[in-house]
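Any read-out appearing in this document is the output of simple, stated calculations on the displayed coordinates, not a laboratory observation. Just so you know, these numbers come straight off a predicted model, no measurement behind them. Cβ coordinates were reconstructed from backbone atoms using ideal geometry, including for glycine residues, and neighbour counts include every protein chain displayed.
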Amino acid sequence: MAIGLVATATQCSSWMTDTHLVYLGLGSNLGDREEHLRVAIQKIERLIGTVVRQSAFYVSEPWGFESDNHFVNAVVACETSLSPLRLLKETQAIEREMGRTQKSANGVYHDRVIDIDILLYDDLRIDYPNLKIPHPLMHQRDFVMIPLAEVLPLCVLGGHA
């Protein structure tokens, strides 16, 4: 059974007015992968908020499924006034706009033009059926943790350094 974040009306209204620091993981393994990441970052700037830090691009093997297509991954730190659920909607809209047709579900992954994951949102912990922050699998993924460490140095996340 999922436990949801309980937020007061004051906290909910602050999500709409204050600036929050979010970390987004990006990946692409189809087409011009680096260009897809650059376009996604431009769309994040336009629709979500100011990108204040960006990692280098890293090449990685597919995780959780078989494919001949390697990924290019990056992490961006972004200042946003969007609430966590609105941020999720915007990242999913960017994915759809860029041609992503399938979302990974129930541990079944596919090749994709773009994938944008919300890794961290301030220091919030959220456990909704459709949104989990911090991202529950990020500690298992070097393609997330290496670029995240680049934009969030000396981080300790959930007991992991």
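Quick notes
- What separates the Cα centres of segment 111-151 and segment 23-101 is a distance of 11 Å.
- Once both labels are positioned 7 Å from their Cα atoms along Cα-to-Cβ, the gap between THR19 and ASN69 label points is 3.6 nm.
- Where GluC sites (Glu not before Pro) fall in DSSP loop in segment 19-83, at most 11 other Cβ within 10 Å: GLU66
- Phi-derived couplings, Karplus 6.51 cos²θ - 1.76 cosθ + 1.60 at θ = phi - 60°, listed residue by residue for segment 129-142: x, 9, 7, 10, 10, x, 4, x, 10, 4, 5, 8, 10, 4 Hz, with x used for Gly and Pro.
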